[in-house]
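Input: a single structure, listed below in structure tokens.
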Amino acid sequence: MMPIDWSSVATDTPYSQEAFAFVQEGLAYTSAIFKGAEYAYELDEFDRHVTGQQLCMGLRDYAIEQYGYLAYLILKHWGIHKTDDFGAIVFHMVDCELLRTSPQDCEDDFRNVFNFDEAFHNNELSCTIGSNL
């Protein structure tokens, strides 16, 4: 499998190439959590399918695990300000044939899943960082 050229994927979007790579990595992370698979990358695409809401929560946890207190600032720097942005990234990746969705999936599944200011607030993070999310 050839490496993905994230810079071309990100072209003509408000998101950085890192945002797309993060969502792909976060999908594997989230699939492992919700599907209990140790090696989510090895699962068939539909075996690792998660809902939009599950993916948003998984991406939040993955960001915190990867970047700690800086998660919010890093996501903002990449152009991600709300869960709707996760949906826009996912469906752009679908348009680029990097992901597939199930028939019941839609961008509305990502709308207002959580409030970024609250989810990444220092008080919330201090309870989460160092725990097993």
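Starting from the Cα-Cα distance between residue 102 and residue 117, subtract it from 0.36 nm times their residue separation and give me the gain in nm to one decimal.
Between residue 102 and residue 117, full extension yields 2.4 nm more.
Based on the mean of other Cβ atoms within 10 Å per residue, sort peptides 20-26, 49-55 so the most packed one is first.
The most tightly packed comes first, giving 20-26, 49-55.
Since every read-out is calculated from the coordinates, none of them should be taken as a lab result. It should be emphasised that the depicted structure is a prediction, and the values quoted were computed from it without experimental measurement. Please note: Cβ atoms are built from the backbone with ideal geometry, for glycine as well, and neighbour counts cover all protein chains shown.
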